[in-house]
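These notes are about the structure you will find just below.
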């Protein structure tokens, strides 16, 4: 690895991985609540969705200030388009969670079989897919740097 770039790349990868782990743990809590064969209290689902939406908003705010979105596009033009694509997913993810929170506050059924439960699982899948895409960018960054 190029010694001059190793430090910021390693730091970016670690920081992003840590943030993704925390976010994915919160998404797992929502999944487990709506995927069981029981009927979770809609108020519990709404509270967890609200917490996840707030966490996601803070995560995205910090992430967009991180090297992944500030430094990498400038230093590694090969990744610029993919990074722009991932950035474009941020607002729709936040909007979807906020809408689900409002819906869950009014719902009587947030079980796995309910329409709300299915939309929650779909939103969780979208978050997971987005985070996997960002992780893929970091792996490609590491590979590109190794070629220097």
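The values are calculated or read from the model by the stated rules, or taken from the named source; none is laboratory data. For clarity, every value in this text was computed on a predicted model and none was experimentally measured. Glycine gets a Cβ as well: all are built from the backbone with ideal geometry, and neighbour counts include every protein chain shown.
What the table shows:
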quantity	calculated
Residue in region 85-93 that is touching a residue at least 12 places away in the same chain (Cβ under 8 Å), assigned to a loop (DSSP other than H, G, I, E, B) and surrounded by 18 or more Cβ atoms within 10 Å (Cβ to Cβ) present	no
Residues satisfying the stated conditions in region 32-57, i.e. at pLDDT below 85 and surrounded by 13 or more Cβ atoms within 10 Å (Cβ to Cβ)	33, 34, 35, 39, 40, 42
Region 48-59 residues that are over 9 Å from residue 98 (Cβ atoms), paired with ones that are loosely packed, with under 15 Cβ neighbours inside 10 Å and modelled with pLDDT under 95 (beta carbon under 7 Å, 6 or more apart)	48/29
Given (1) in contact (Cβ under 8 Å) with a residue 60 or more places away in the chain; (2) closer than 17 Å to residue 133 by Cβ; (3) surrounded by 18 or more Cβ atoms within 10 Å (Cβ to Cβ), index of the condition residue 9 fails	(2)
Given (1) crowded, with 16+ Cβ neighbours inside 10 Å; (2) more than 10 Å from the chain's Cα centre (by Cα); (3) at pLDDT below 95; (4) farther than 21 Å from residue 136 by Cα, index of the condition residue 29 fails	(1)
Filter result (surrounded by 15 or more Cβ atoms within 10 Å (Cβ to Cβ), under 18 Å from the mean Cα position of the chain (by Cα) and part of a helix (DSSP H, G or I)) within region 58-83	59, 60, 63, 82, 83
Subset tally (residues that are surrounded by fewer than 17 Cβ atoms within 10 Å (Cβ to Cβ) and in contact with a helix residue (DSSP H, G or I) (Cβ under 7 Å, 6 or more places away or on another chain)) for region 110-125	1
Matching residues, region 101-115, being assigned to a helix (DSSP H, G or I) and either over 13 Å from residue 41 (Cβ atoms) or within 19 Å of the chain's Cα centre (by Cα) (or both)	101, 102, 103, 106, 115
Checking residue 71 against (1) in contact (Cβ under 8 Å) with a residue 24 or more places away in the chain; (2) within 23 Å of residue 124 (Cβ to Cβ), the condition it does not meet	(2)
Any hit, region 102-119, residues being within 30 Å of residue 11 (Cβ to Cβ) and touching a residue at least 12 places away in the same chain (Cβ under 8 Å)	no
